[in-house]
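S.K.: Before anything else, here's the structure in question.
Since every read-out is calculated from the coordinates, none of them should be taken as a lab result. Keep in mind that what you see is a predicted model, and the values were worked out from it rather than measured. Glycine gets a Cβ as well: all are built from the backbone with ideal geometry, and neighbour counts include every protein chain shown.
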Amino acid sequence: MTNLAPLAQSLGQEAILRKVYEQADLGPLATMLAERAGPRDPAAALDLSTLLMTQGGALAVEGQAMQRAATRFQRSFEIPHGKATGPRILALVTPGDFMTNTPIDFLLAGTDAVLILHFVDAETESLSDLPPHDVAFMAVGEGPENAAVLRNLSHLLKDFSGPVLNNAPEMILRLSRDRVSAMLQDIPGLVCPATTRMTRTALTGVAKARRFFDYPAVLRPIGSHAGHGLVKVCDPDELVAYLSLNPEDEFYTAPFVDYRNAAGRFAKARVVLIGAKPFASHLAVSDHWMVHYLNAAMETNADRRAAEAAWMADFDAGFARRHGATLARMAEKLGLDYFGIDCAELPDGSLLVFEIDVAMIVHDMDCATLFPYKKPAMRKLFDAFVALCDARSHG
C-alpha cells in the first residue's frame with residue numbers, strides 16, 4: 001500500500017514485556033514515557049499503561065485506566081516489526097489486560113509485519129475509520145467483560161468487505177468453559193469434563209445440606225485466569241472453606257480428572273491451531289495437578305525441560321499425529337482461524353481439554369540458554385501465523 005496516513009507508533013506489548021523478562025532496568029523507559037504521555041502523544045501513554053500493567057497490583061489498575069484514556073485520545077496505533085515490509089495486520093482489540101485480546105504482537109516477533117491496533121468497545125458505531133491494512137483480525141477474546149463488545153462486533157463485521165481472520169464473534173462468545181464442554185462432548189478421542197456455572201447461593205446450599213456433589217471437584221470464579229481462585233475440593237467441609245475465602249458470586253464447577261502420566265507427573269500442554277494446523281507452544285510439567293508454565297519451576301528442573309524439548313522435537317510425528325483427527329474435528333466445529341488449547345494426554349490415549357481461547361499468551365521470551373529448543377518451535381508457529389495472514393490478504 002502507498003500513501004498511508006501516519007499513525008502514532010507504539011513500542012507494543014512484546015517489546016516491553018521482553019524487557020521485563022530480561023530483567024532490564026525499566027527506570028529510563030518509564031521516565032521517558034511518563035514525560036511524553038498525554039493527549040499529544042497517546043502512543044507513549046499506551047506504552048506506559050502496558051509497563052504499569054506488568055507491575056501488578058495497584059499499578060496494574062492505574063495502567064488499565066491510562067490505557068482507556070489513551071484509546072479515547074486515539075483509536076489506532078502502529079507497531080512495526082523488523083523491516084516493516086511484511087503484511088499490515090489490523091487487530092480489532094478492546095481495552096483490558098494481557099489476556100483480553102489475542103496476543104498478536106507476540107506472534108510477530110522476528111518478522112517484518114506491521115501490526116495496527118484499532119480499539120473498539122460496546123459503543124463503537126462503525127468500522128469505517130480503519131487505517132489502511134492488508135488483513136484484519138478479530139482479536140477480542142471471550143470473557144464476561146467482553147460479551148457486549150463481541151456482540152457489537154458481530155453486528156459491525158456482518159457486512160465487512162475485506163478479509164478478517166477469526167471473524168466469528170458469536171463463536172468466541174461461546175468459548176466460556178461451560179459452553180466449550182457442552183460443544184465438544186461428541187468428539188471421539190476427546191475428554192472435556194462437563195462444566196457448570198453455579199451461584200454462591202447454590203454452592204452454599206449444596207455444602208450446608210451435604211447433598212451429593214461430584215467430589216473431587218474443581219472450582220474457579222467466573223472470568224478468572226492463570227489459576228486465580230482455582231482449587232480442588234474433596235468434601236463439603238472443603239467447599240464451605242473455599243466459599244469463605246472467595247467472595248465472588250458465581251463459579252465454574254467441574255469433576256476433577258487425574259491426568260498424571262506414566263511418570264506420576266502432571267504435564268499440561270498449550271497447543272495453538274493456525275488454519276486448523278496444530279503447533280506446539282509449551283509443555284509445563286509439575287508434581288502438582290494445578291500446573292501453569294509460570295509455577296512449574298521449569299527453569300530449575302532440567303528433567304522437566306528435557307521432557308518439553310522431547311515433546312516439541314517430536315510434536316508433528318507424535319502429539320499432532322496421535323490427536324490429528326480429534327484436533328481436526330475440533331477445528332471444524334469451532335470454525336476459527338486461530339485459537340489455543342490447554343490440554344493433557346490421558347493414559348488411555350485420549351486428549352483432556354481444560355480450556356480453549358483465542359487470547360492465550362504465546363511467546364518466545366524464555367531464556368535461550370535454558371530453553372534452546374523453544375526458539376525454533378516458536379519461530380515455526382510465528383511464521384505460520386504470518387503466512388496465514390499474508391495468504392488471506394491475497395484472497
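S.K.: 7 Å from Cα along Cα→Cβ at both ALA84 and TRP289: what's the point-to-point distance in nm?
M.R.: Modelled inter-label distance: 5.1 nm.
S.K.: Here is a further query. The list (1) 32, 26, 18; (2) 42, 30, 17; (3) 34, 25, 22 gives values of semi-axes √(5λ) of the Cα gyration tensor in Å, and only one came from this structure; which label was calculated from it?
M.R.: Answer label, from the structure shown: (3).
S.K.: Moving on to the next point. When a/c reaches 1.5 or more, the comparison of a/b and b/c decides; with that in mind, is segment 88-157 rounded, prolate or oblate per its Cα gyration tensor?
M.R.: Here segment 88-157 falls in the oblate category.
S.K.: May I ask for the angle, rounded to the nearest 10°, between helix 236-245 and the longest principal axis of the chain, with both axes built from Cα atoms and the value confined to 0 to 90°?
M.R.: Its long axis makes an angle of about 30 degrees.
S.K.: Assign one of three labels to segment 8-173, namely rounded, prolate or oblate, based on the Cα gyration tensor with a ≥ b ≥ c the square roots of its eigenvalues; rounded applies when a/c is under 1.5, prolate when it is not and a/b is larger than b/c, and oblate otherwise.
M.R.: Because a/c hits 1.5 or more and a/b exceeds b/c, segment 8-173 counts as prolate.
S.K.: Quickly work out the ARG72-to-ARG322 label distance, labels modelled 7 Å from Cα along the C-beta direction, and quote it in nm with one decimal.
M.R.: 5.2 nm
S.K.: Which GluC sites (Glu not before Pro) does segment 1-64 hold that lie in a coil by DSSP with at most 15 other beta carbons within 10 Å?
M.R.: GLU22
S.K.: A further question follows. Dipole magnitude of segment 280-333 about its Cα centre, charges +1 at Lys/Arg Cβ and -1 at Asp/Glu Cβ only, in debye to the nearest 20?
M.R.: It works out to roughly 260 debye.
S.K.: Considering only DSSP beta bridges whose two residues both sit in the chain, what percent are antiparallel, to the nearest 5?
M.R.: In the chain, DSSP labels about 70 percent of beta bridges as antiparallel.
S.K.: Take the Cα radius of gyration of segment 172-283 and divide it by 2.2 N^0.38 Å, with N its residue count; two decimals is plenty.
M.R.: Compactness ratio reported: 1.20.
S.K.: Any chance you could check the Cα centroid distance between segment 158-172 and segment 1-73 for me, in angstrom?
M.R.: Their Cα centres are 28 Å away from one another.
S.K.: Could you give the spread of the C-alpha atoms of segment 1-70 along their three principal axes, from largest to smallest, in whole angstroms?
M.R.: 41, 26, 19
S.K.: If you find the alpha carbon centre of segment 230-253 and of segment 118-143, how far apart are they in angstrom?
M.R.: Value for the Cα centre distance between the two parts: 38 Å.
S.K.: Evaluate E = 1/(1 + (r/R0)^6) for HIS155 and ALA313, where r is the Cβ-Cβ distance and R0 equals 51 Å; express this FRET efficiency to the nearest 0.05.
M.R.: About 0.65, to the nearest 0.05.
S.K.: For the pair ALA241/TYR21, report the inter-label distance in nm, with labels modelled 7 Å from Cα in the Cβ direction.
M.R.: Placing both labels 7 Å beyond Cα along the Cβ direction yields 3.7 nm.
S.K.: Taking 8 Å as the Cα distance limit and 6 or more residues as the minimum spacing, I'd like the relative contact order of the chain as a percentage.
M.R.: Relative CO of the chain lands at 15 percent.
S.K.: Sticking with this one: For the charge dipole of the chain, defined by +1 on Lys and Arg C-beta atoms and -1 on Asp and Glu C-beta atoms about the Cα centroid, which residue among PRO103, LEU327, LEU230 has the Cα displaced farthest towards the positive pole?
M.R.: LEU327
S.K.: Could I ask something else about it? With respect to the cross-link table entries LYS208/LYS268; LYS277/LYS374; LYS268/LYS374; LYS19/LYS375; LYS232/LYS333; LYS158/LYS333, which display a Cα-Cα separation exceeding 27 Å?
M.R.: In this structure, LYS208/LYS268; LYS232/LYS333 lie more than 27 Å apart at Cα.
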